[in-house]
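What follows is one structure encoded as structure tokens, with my remarks underneath.
Where a number appears in this text, it was derived from the coordinates with a stated rule and is not lab data. Since this is a predicted model, take the numbers as computed values, not measurements. Cβ coordinates were reconstructed from backbone atoms using ideal geometry, including for glycine residues, and neighbour counts include every protein chain displayed.
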Amino acid sequence: MPLRSALMVALKQHIAQSGLTQAQAAALFGVTQPRISDLVRGKINIFSLDTLVNMASVAGLRIDMQIQPFPEA
């Protein structure tokens, strides 16, 4: 799963599990409610990786990333 997709899923789950309304989530993340609606609806193309990482950080989510070379053929 691409990184932006994984972050969006994690943020959506965090919002749901925390019992936050979209307005509460927007206040927490410092964005507008329509922006949270876009996140929940999976509008991936309007979110940068930086934005999603910042939101995950505010949510207290840990992000682990590995960068490895492709195996040689």
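Return the pair list, or none, for Cβ contacts closer than 8 Å from residues in segment 10-24 that are assigned to a helix (DSSP H, G or I) to residues that are of a type in the set (A, V, I, L, M) and surrounded by fewer than 16 Cβ atoms within 10 Å (Cβ to Cβ), at least 6 apart or on different chains. Listed pairs, sorted by first residue: ALA10/LEU61; LEU11/LEU61; LYS12/VAL40; HIS14/LEU61; ILE15/VAL40; GLN22/VAL40. Within segment 40-73, the set of residues being among the polar types (S, T, N, Q) and closer than 20 Å to HIS14 by Cα comprises SER48, THR51, ASN54, SER57. Residues in segment 40-54 that are farther than 11 Å from LEU7 by Cβ and not in a loop (DSSP other than H, G, I, E, B): VAL40, ASN45, ILE46.
What do you reckon, is SER57 touching a helix residue (DSSP H, G or I) at 6+ places or on another chain (Cβ under 8 Å), free of Cβ contacts under 8 Å to residues at least 60 places away in the same chain, of a type in the set (S, T, N, Q) and assigned to a helix (DSSP H, G or I)? Walk me through it before giving the result.
Details: touching a helix residue (DSSP H, G or I) at 6+ places or on another chain (Cβ under 8 Å): no; free of Cβ contacts under 8 Å to residues at least 60 places away in the same chain: yes; of a type in the set (S, T, N, Q): yes; assigned to a helix (DSSP H, G or I): yes.
Criteria not met by SER57.
Can you find a residue in segment 32-39 that is assigned to a loop (DSSP other than H, G, I, E, B), over 12 Å from the mean Cα position of the chain (by Cα) and free of Cβ contacts under 8 Å to residues at least 12 places away in the same chain? Step through it out loud before you land on a result.
Of all residues in segment 32-39, those assigned to a loop (DSSP other than H, G, I, E, B) come to 32.
Going one step further and asking which of them are over 12 Å from the mean Cα position of the chain (by Cα), we end up with 32.
Imposing the further condition that a residue be free of Cβ contacts under 8 Å to residues at least 12 places away in the same chain reduces the set to 32.
Within segment 32-39, one or more residues are assigned to a loop (DSSP other than H, G, I, E, B), over 12 Å from the mean Cα position of the chain (by Cα) and free of Cβ contacts under 8 Å to residues at least 12 places away in the same chain.
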